[in-house]
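A short write-up of the structure that comes next.
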Amino acid sequence: MTIATILRRKGNSVVSVGAQDEVGAIARILSEKRIGAVLVQDAGGDVLGIVSERDIVRCIAAHGCDAVTMPAARLMTRALHTVTPRTHITEALELMTDRRVRHLPVLEEDGRLAGMISIGDLVKARIDEALHEAEELRHYVETAG
C-alpha cells in the first residue's frame, strides 16, 4: 500500500500557518483541529517548515511565557523529512522511526504539496492491511476444503 492510498481515504487537506504566526495561535489551532503539527508556508504556498506539539513544548521549556508570542519561524523545523504519494507505507514508517518524527509532508515529484500523513494514519493503514489479509486467508481456508 502506498501513501496515495492513505490520502485518497483521509483527504489531502493540510492545516498550515504563516512564518509570522505566533506560537500561542498555533497551539490553539492544534488544539481546535485535534492535530499534532502544522506546516509553515509562505504566501506562494511553498513549505518552509513544520511546527509540532513537541516543538512548542521545547520552546516553552527554553523561553517560558515569552514562547507564546514567538513567531513560527523561530521554532519551526526547517529540515523536513518528506515522502511522495508513491512511497510505500513501510518505507514511511521506517523514515518516521529513524528520524523520530510523527508527521511527514507528502510532496509530488515537482515539489507541490500533496498532503500530510501522521504516524496514526500509517498505523491505521497497516492494521487495515493486516485485517484484510487475515480475512482473505480465512476465506481461502474455508473454501479450499
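Brief remarks follow.
- FRET efficiency for the residue 63 to residue 119 pair, using the beta carbon distance and R₀ = 30 Å, is estimated at 0.65.
- Full extension of the segment from residue 19 to residue 138, taken as 0.36 nm per residue of separation minus the current Cα-Cα distance, would add 37.7 nm.
- Cβ-Cβ distance of residue 94 and residue 33, R₀ of 30 Å, FRET efficiency by 1/(1 + (r/R0)^6): the value works out to about 0.65.
- A simple charge model with +1 on the Cβ of Lys and Arg, -1 on the Cβ of Asp and Glu and nothing else charged puts the dipole of region 3-144 at about 380 debye relative to its Cα centre.
- Dividing the convex hull volume of the alpha carbon atoms of region 3-144 by its residue count gives 124 Å³ per residue.
- Positive-end ranking of 3, 127, 24 along the dipole of the chain, with charges on Cβ about the Cα centre, is headed by 24.
- Here's how it looks for residue 49: its modeled amide H is under 5 Å from those of 40, which are all 5 or more places away or on a different chain.
- The angle separating the long axis of helix 53-63 from the principal Cα axis of greatest extent in the chain is about 30 degrees.
- A dipole drawn for the chain from +1 and -1 charges on Cβ atoms has a positive end, and of 64, 81, 13 the residue lying farthest that way is 64.
- Computed FRET value (nearest 0.05) for residue 129 with residue 77, which takes r as the C-beta separation and R₀ as 30 Å: 0.55
- Fewest-first sequence of 89, 119 by Cβ atoms within 10 Å of each Cβ: 119, 89
- Cβ-based net charge around residue 48, under 11 Å, with every Lys or Arg adding one and every Asp or Glu removing one: -1
- DSSP beta bridges in the chain [antiparallel fraction, %, rounded to 5]: 80
No value in this document is a laboratory result; all are computed from the given coordinates. None of these values were measured; they are calculated from a predicted model. Positions of Cβ are generated from backbone atoms using ideal geometry, with glycine treated the same way; all protein chains shown enter the neighbour counts.
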